[in-house]
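In what follows, a structure is listed as structure tokens, so that the remarks can point back to it.
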Amino acid sequence: MNVHDDLHFYFEGPVNSVGLGVFDGLHRGHRALSKHCDAILTFYPHPKSVLNKQAERNYLTTLDELQSLFPHLITLKFTTELSQLSAREFLNTIILEQIKPKRIVVGYDYHFGYKREGDFAFLKTWATQHNIDAICIAPFEIGGSPVKSGRIRGLLLDGHFDDAIHLLGHPYVISGDVIKGEGRGKTLGFPTANLHVSALKLIPSKGVYGGRVSIQGHERLCIVYIGNKPTFGGQERGVEVHIPGFSDNLYDQHVSVSLTQFIRGEQHFDSSEALVSQIKKDIKVLDA
């Protein structure tokens, strides 16, 4: 199997130590692993979407976002052919021949190879035969349970944003290209940048969030609205960013927003004036 075209390095130079995993996001459990590595290898698309023929999963981080969180990223395209490699073939043809690490780091529940036949015991034996160090990281627990992407995903969708951020260990990043909207925010005195976000990205529950955005080399506070604009009869969910004191044209630019706090849930207002009054209160929360 030739994996040269399917294996992509986001950096140059040798790999002394590599962490293996799916890394759907880079939460505190992943950080406990990645601090032992100078590179991490992830799979794209998510193996479950290929093996189970499910619809594509909603990612906590897209590949671009993941690369910004951990620059030394290696991605391997996950295919049906790749899934049929035995555990030994995976280690020989991809890890040993292509990456050539001196150390391999995995989580306590990591499995690999056809039908998940490979576990840490298998990896340790193989690594010893090739003079490679192998390390297994114990589960990173909060609240008596391991920190996992699925747990965080559920919290974000159910409106428990602060709990999700606690498990992530960093702000929740949403990135996308700025597209033209209806212009209603500007009419109200609060211009917004409408983001076209990847359909693969998990969007948190509806509401207003506080965060930061980097514009023209400067980090600025912002409020982010996620929802359907019920006050104006909206039907489609959108992501809009308002940057207080900023009104320059951002159309067609790629913008990344780091959500740091949940301000309030989505509300219906009886008038535009009531909405404007609430937006002013939302902005004050950023200064608190």
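The values are calculated or read from the model by the stated rules, or taken from the named source; none is laboratory data. In this text the structure is predicted, and so the values were computed from the model without any measurement. Every residue, glycine as well, gets a Cβ built from its backbone with ideal geometry; the counts of neighbours run over all protein chains shown.
Quick notes
- Residues being over 20 Å from residue 206 (Cβ atoms), free of Cβ contacts under 8 Å to residues at least 24 places away in the same chain and not in a loop (DSSP other than H, G, I, E, B) - total across region 239-276: 1
- Positions within region 213-244 being modelled with pLDDT of 85 or more, among the basic types (Lys, Arg) and surrounded by 17 or more Cβ atoms within 10 Å (Cβ to Cβ), in sequence order: none
- Condition met for residue 34 (touching a residue at least 24 places away in the same chain (Cβ under 8 Å), of a type in the set (Ser, Thr, Tyr), under 21 Å from residue 172 (Cβ atoms) and out of contact with any Ser or Thr (no Cβ under 6 Å at 6 or more places or on another chain)): yes
- Top-ranked residue of region 51-65 - restricted to ones that are under 16 Å from residue 256 (Cβ atoms) and out of contact with any Asp or Glu (no Cβ under 9 Å at 6 or more places or on another chain), ranked as surrounded by the fewest Cβ atoms within 10 Å (Cβ to Cβ): 64
- Taken together, 102, 77, 48, 35 contain a single residue that is in contact with an Asp or Glu (Cβ under 6 Å, 6 or more places away or on another chain) and among the basic types (Lys, Arg), which is 77.
- Residue list for region 245-284, filter: closer than 25 Å to residue 176 by Cα and of a type in the set (A, V, I, L, M): 250, 255, 257, 259, 263, 279, 283
- Of the candidates 96, 91, the single residue that is touching a His at 6+ places or on another chain (Cβ under 8 Å) and of a type in the set (A, V, I, L, M, F, W, C) is 96.
- Residue count, region 255-281 (criterion: of a type outside the set (A, V, I, L, M) and touching a strand residue (DSSP E or B) at 6+ places or on another chain (Cβ under 7 Å)): 8
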